[in-house]
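Only the coordinates and a few stated rules stand behind these numbers; no lab work does. Not measured: the values here are computed from a predicted model. Don't worry about glycine lacking a Cβ; one is built from the backbone with ideal geometry, like all the others, and counts go over all protein chains shown.
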Amino acid sequence: MFKEKTIVVGVTGSIAAYKAAELVSQLKKKDANVHCVMTKAAQAFLTALTLRTLSQNPVVTELLAEPQRWEVEHVGLATAADLFIVAPATANILAKVCHGIADDFLTTAILATKAPVLFAPAMNVCMYENPVTQQNLARLKELGYFLVEPEEGDLACGSQGKGRLAKLEHILARAEELLVRDKPLQGKKVLVTAGPTRESLDPVRFLSNRSSGKMGYALARQAHLWGAEAILVSGPTDLAPCPGVHCIPVETAEEMYQEVMKHAADCRIIIKAAAVADYRPKERKEEKIKKQAGELVLELSRNPDILAELGRRKQKGQILVGFAAETEKVLDHAAEKVRQKQLDFIVANDLTKEGAGFAADTNIVTFVFPDGSRKDFAKMSKDEVAKAILEEIVMRMDKE
Ligand code: PMT
């Protein structure tokens, strides 16, 4: 999303200015073309040299300095930008932009740009809560500027409350959203399942599988970026909930079934990337199972097949996509499942291939359709696989 995008990072005079260095570094790692602009106060907290080194571009610190190119620099940058991120944003810059004041390079460029401008405020809690700042923030939103709210916690000034710069991952997630202008899933509700389920044997042990949730989380995040209202029903994972996605945590297949059925009827698109346990222990012991002489035989009961039930309840116009995780006869099993479960298509992944399936950051998939046709894909990141799945879905909706 950030690749080759021109991003202007504005840094203003807050103790959180040092975090701008990490922001710039992360944007560069994502292949963005980053230009930094520092206010005079920002330069008291962080050097231009740091940002110049990290961004690999000259840093603008003065409005009326001798320009490095022939064009009016603030207009040049304002026109070239795909996005402005002002992080940290002080009460002062918020007030100035709110009132159209253009007395330095940053405020002038913001006034001149047509690109989205994202502010990440950071300041003392009393300054943040001051009605003047709150009015300015409300007005900025009305004017079409974007905000990432500060977090609560210990502040550098010694007080506690709201005013810490938002986590960089939240700033980046919001920035990514703003870079996606085309929102083909706007107004659509998308339900995604992710992760494993856990089926308890006793208070300390459970049956589960190796799903990390990465595939499902990538799908929910991309659906959100494409404008959808994304609901993610997730089994236990180590992943942070995707900002902007409504995440519903569950543990067992039965809980996943209940949550999916609660939301399914309202969703235009349902994608089942979760690795649901087919079986659960017939009995969950109240106390820890003790070692005993000889073997321990476990009796298992079948879990509901959530996807098959969704297929039975499928509504007109609803798009239902499953996954098939297989270790042999991958495409045959996938073809059987796509028909049995009444899916629009199934995403087959061969778990024996390196870089495919569980826990990897990449996947190698084939889409299998009910008429027997197929689309093969090379190894891609799970984000890219998610985009390919959504593209296929959008194409099918356009044909209806
Ligand atoms: O989470 P990651 O580490 O990123 O790994 C990704 C993945 C390998 C889990 C994912 O790409 C994947 O293949 N998910 C489906 C795994 C699976 O359970 O496949 P299956 O062939 O057993 O099930 C077929 C389909 O039926 C799946 O869409 C599954 O969600 C669904 N199902 C299965 C059993 C069940 N009781 N209820 C279901 O809804």
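Values computed for the structure shown
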read-out: Distant-in-sequence amide H partners of LEU147 (H built 1.01 Å from N, under 5 Å); value: PHE119
read-out: Karplus (6.51, -1.76, 1.60) ³J(HN,Hα), θ = phi - 60°, over the range 111-121, in Hz, Gly and Pro reported as x; value: 5, 8, 8, 9, 6, x, 10, 10, 9, 10, x
read-out: Between helix 131-142 and the chain: long-axis angle, C-alpha atoms, 0 to 90°, nearest 10; value: 70 degrees
read-out: MRE, 222 nm, helices only [DSSP H, n ≥ 4, -39500 (n - 2.57), over the chain, to nearest 500]; value: -10000 deg cm²/dmol
read-out: Added length on full extension, which subtracts the Cα-Cα distance from 0.36 nm per residue, HIS246 to CYS157; value: 28.6 nm
read-out: Placed amide H near VAL59: partners under 5 Å, 5+ positions off or other chain; value: none
read-out: Packing-based order for 4-13, 319-328, using average beta carbon neighbours within 10 Å, highest first; value: 4-13, 319-328
read-out: Degrees between helix 253-264 axis and first principal axis of the chain (Cα, 0 to 90, nearest 10); value: 60 degrees
read-out: R0 of 41 Å, Cβ-Cβ distance ALA265-GLU328: FRET efficiency to nearest 0.05; value: 0.70
read-out: Magnitude of the charge dipole, the range 6-179, Cβ model with Lys/Arg +1 and Asp/Glu -1, debye to 20; value: 100 debye
read-out: Centroid-to-centroid separation of the range 298-370 and the range 105-147 [C-alpha atoms, Å]; value: 46 Å
read-out: Nearby lysines by direct alpha-carbon distance to LYS189 (threshold 23 angstrom, same-chain neighbours under 8 apart not counted); value: LYS214, LYS262, LYS272, LYS314, LYS316, LYS341, LYS382, LYS387, LYS399
read-out: Per-pair calculated FRET efficiency, R0 = 60 Å: GLN56 and LYS285 via Cβ, rounded to 0.05; value: 0.50
read-out: Nitroxide proxy distance, nm - points 7 Å out along Cα→Cβ at ALA102 and MET397; value: 3.9 nm
read-out: Lys/Arg +1, Asp/Glu -1 at C-beta; the range 240-324 dipole; positive extreme among GLN292, ALA264, VAL276; value: ALA264
read-out: Bridge type composition, the chain - antiparallel percent by DSSP, nearest 5; value: 30 percent
read-out: Extension gain from MET380 to ASP238, taking 0.36 nm per residue of separation minus the Cα-Cα distance; value: 48.9 nm
read-out: Ordering of 215-224, 121-130 by packing [mean C-beta count within 10 Å, highest first]; value: 215-224, 121-130
read-out: FRET efficiency, 1/(1 + (r/R0)^6) with R0 30 Å, evaluated for ALA359 and ARG302 via beta carbons; value: 0.70
read-out: Protection-proxy order for peptides 387-394, 98-105, each taking the mean of Cβ atoms within 10 Å per residue, highest first; value: 387-394, 98-105
read-out: Estimated dipole of the chain in Debye, rounded to 20 [Cβ of Lys and Arg +1, of Asp and Glu -1, Cα centre]; value: 440 debye
read-out: J(HN,Hα) series, the range 157-166, from Karplus relation 6.51 cos²θ - 1.76 cosθ + 1.60, nearest Hz, glycine and proline x; value: 6, x, 8, 10, x, 7, x, 6, 3, 4
read-out: The chain: angle of helix 18-29 to the longest principal axis, Cα-based, in degrees nearest 10; value: 60 degrees
